[in-house]
Amino acid sequence: MTDINIKESIEDKKSWFNIKRFKIGNTDFQKPEKCLDIKNLDNSIYRNIKTNFKFYEASKILKNYDNISKLTEAEDDQINKFFYRGEWLGTAQNVINLTLQFNPYNHVKTIDELSWFFNQYYPYSKLFLTVPNIRVKTLKANIIDLQSYTRFVDETYKILNDKNNKPIFVPVSMKFTIGQLTGLMEHYLKHDRFYYWFDFEGRSINENSLGRLRHIFDLLKKKKAFDNVVTYFSNVKREKTANSKENTSVASDALSAIAGANLIGVNREPSRYFNPNTLMNDGSVGIRASIDVDPNHKARIFDRETYYYVKTVDQDLYDKRKYVPLNAARLNAEFAAQSEYFLEHQDITTLLNQKSMFKDEKAGNILHDLTSKSATTSADMDMSDFF
């Protein structure tokens with residue numbers, strides 16, 4: 001594994017917002033950076049917006065083992081499509097992350113039997129590598145326990161690290177319990193693994209996820225490992241809540257850097273589970289095939305002044321290929337503004353207090369939760385800070 005040399009770490013006292021300055025390859029990171037989602041893009045849109053981003057991401061859910069095994073017979077164009085590699089991307093510093101919705105040990109005795117798959121994956125994730133996350137449970141059943149999860153990470157890590165010159169990020173499922181997260185992080189620290197990709201699996205940054213993050217970061221602080229850590233959030237739900245009848249909705253992904261992310265990946269909506277006994281509008285019973293949604297509901301645009309996502313009347317932006325990169329660019333610009341304000345004032349809370357979204361009852365106490373870091377974790381805390 002190639003280490004990430006963190007040249008400087010500057011940390012907020014009240015929140016987990018932090019600036020880590022480091023290089024990965026030839027890419028220089030001086031602040032929290034948002035990626036561009038390369039799925040649903042085309043060449044013309046990519047060329048117009050690519051200068052706004054330092055890295056690119058494609059996130060993929062593998063629902064069953066066949067999603068992997070079928071690649072043994074795939075032609076080059078099918079493999080490129082599987083890993084979202086368009087020729088127009090050129091030398092773009094992209095990252096591929098995978099989430100498994102099945103237990104691989106139900107199909108193989110050791111992950112070494114899948115070394116061919118990870119060797120195929122290796123050249124497609126150019127900036128750094130990610131060990132896949134495994135969804136630990138669904139609404140219906142548990143998929144994998146912590147012991148098998150860490151075994152999977154260890155075995156996959158070994159394959160990816162053979163003749164490797166890229167950093168490797170290990171997964172942290174945000175569906176683990178607090179107890180499981182403690183065991184997972186202690187396992188990672190025991191093996192000197194400091195680069196973490198937090199898979200939110202379509203969850204928002206809310207009270208539950210902030211509690212888990214707080215627990216993890218507090219543990220890293222107590223182990224004196226936090227300054228060595230690079231955090232990568234991905235698959236975060238775009239909004240905390242979204243009602244198609246309302247013009248504005250409370251942002252979730254815009255809180256990533258304040259919640260402790262150094263690298264911010266793509267959005268994902270939560271998986272939908274449909275009950276076959278759903279009562280239909282006509283009184284019959286069956287699966288609801290579709291729901292009519294106002295076309296500008298999903299095409300909400302991030303407002304940097306308020307931190308709301310706002311419905312747009314510009315029909316040209318109803319296209320996902322338009323509103324996704326536009327929102328990514330606005331978020332990246334706001335993360336830069338947050339960093340500039342923090343470096344000037346050594347405080348981020350005053351800036352956040354100017355954003356009207358945090359005063360919305362739908363946001364709850366999210367601002368308080370974001371800016372209430374435990375006093376015992378601050379490296380430069382003295383007794384005067386308690387009074």
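Provide Rg over Rh for the chain; use the alpha carbon set for both Rg and the Kirkwood Rh (inverse mean inverse pair distance).
Using only Cα positions, Rg/Rh for the chain is 0.95.
Obtain the nm distance between the two label points defined at residue 164 and residue 341 by a simple spin-label model: each point lies 7 Å from its Cα along the Cα-to-C-beta direction.
Result for the modelled spin labels: 3.8 nm.
If you bin every alpha carbon distance in segment 105-253 into 10 Å steps from zero, what whole percent lands in each bin?
Result returned by the calculation: 10, 36, 35, 15, 4, 0.
Antiparallel DSSP bridges in the chain: what percent, to the nearest 5?
40 percent
May I ask for the Rg/Rh ratio of segment 1-138, computed from Cα atoms with Rh as the Kirkwood radius, given to two decimals?
Rg divided by Rh gives 1.01.
Please sort by residue number the trypsin sites (Lys or Arg not before Pro) in segment 120-201 whose DSSP state is loop and whose Cβ has at most 14 other Cβ atoms within 10 Å.
Taking segment 120-201 and a limit of 14 other Cβ atoms within 10 Å, the loop trypsin sites (Lys or Arg not before Pro) found are 140, 163.
Choose one answer from 117, 152, 200: the residue with the largest mean-square fluctuation in a GNM of the chain with alpha-carbon springs under 10 Å.
117
Tell me, what does the Kirkwood hydrodynamic radius of segment 17-63 come to in angstroms if you use every pair of distinct C-alpha atoms?
12.6 Å
Find me the longest stretch of the chain that has none of the exposed GluC sites (Glu not before Pro), where exposed means in a DSSP loop (not H, G, I, E or B) with at most 14 other Cβ atoms within 10 Å.
The answer is 76-245.
Considering only protein heavy atoms, what per residue accessible area in square angstrom results for the chain with a 1.4 angstrom probe?
47 Å²
What Rg and what Dmax come out for segment 207-274 when only alpha-carbon atoms are used, in angstroms?
14.6, 48
Express the carbon and sulfur contribution to the solvent-accessible surface of segment 305-354 as a percent, rounded to the nearest whole number, probe 1.4 angstrom.
Using a 1.4 Å probe with all protein chains present, segment 305-354 comes out at 48 percent carbon and sulfur.
May I ask for the distance between the Cα centers of segment 173-219 and segment 74-112, given as a whole number of Å?
Answer, in whole Å: 24.
Magnitude of the Cβ-charge dipole of segment 2-161, K/R +1 and D/E -1, about the Cα centre, nearest 20 debye?
660 debye
Just how far, in whole angstrom, is segment 332-355 from segment 137-170 if you go by their alpha carbon centroids?
Value for the Cα centre distance between the two parts: 35 Å.
Between residue 23 and residue 225, what is the FRET efficiency for a Förster distance of 25 Å, r being their Cβ-Cβ separation, to the nearest 0.05?
E between residue 23 and residue 225, to the nearest 0.05, is 0.80.
Can you send over the carbon and sulfur percentage of the accessible area for segment 6-124, probe radius 1.4 Å, protein chains only?
43 percent
Normalising by the residue count of the chain, find the relative contact order in percent from Cα pairs under 8 Å and 6+ residues apart.
19 percent
Give me the dipole magnitude in Debye, nearest 20, for the chain about the Cα centre, with unit charges on the beta carbon: positive for Lys and Arg, negative for Asp and Glu.
Here the chain has a charge dipole of around 340 debye.
So what is the 222 nm mean residue ellipticity for the chain from helices alone, if each DSSP H run of at least 4 adds -39500 (n - 2.57) and you divide by all residues, rounding to the nearest 500 deg cm²/dmol?
That calculation yields -8000 deg cm²/dmol at 222 nm.
In a Debye calculation with equal point scatterers on the alpha-carbon sites of segment 33-107 and no solvent, what is log10 I(q)/I(0) at q = 0.16 Å⁻¹?
Per q value, in the given order, log10 I(q)/I(0) is -0.67.
Report relative contact order for segment 68-135 in percent, whole number only (criteria: Cα-Cα under 8 Å, sequence separation at least 6).
Contact order relative to length: 45 percent.
Which order do 156, 2 take when ranked by solvent-accessible area (1.4 Å probe, heavy atoms of all protein chains), largest first?
Sorted by accessible area, descending: 2, 156.
The values are calculated or read from the model by the stated rules, or taken from the named source; none is laboratory data. Keep in mind the model is a prediction, meaning the values are calculated, not measured. With ideal geometry, Cβ positions are generated from the backbone for all residues, glycine too; neighbour counts draw on all protein chains shown. SASA here: full protein model, heavy atoms, side chains in, ligands and nucleic acids out. Shrake-Rupley method; radii C 1.70, N 1.55, O 1.52, S 1.80 Å.
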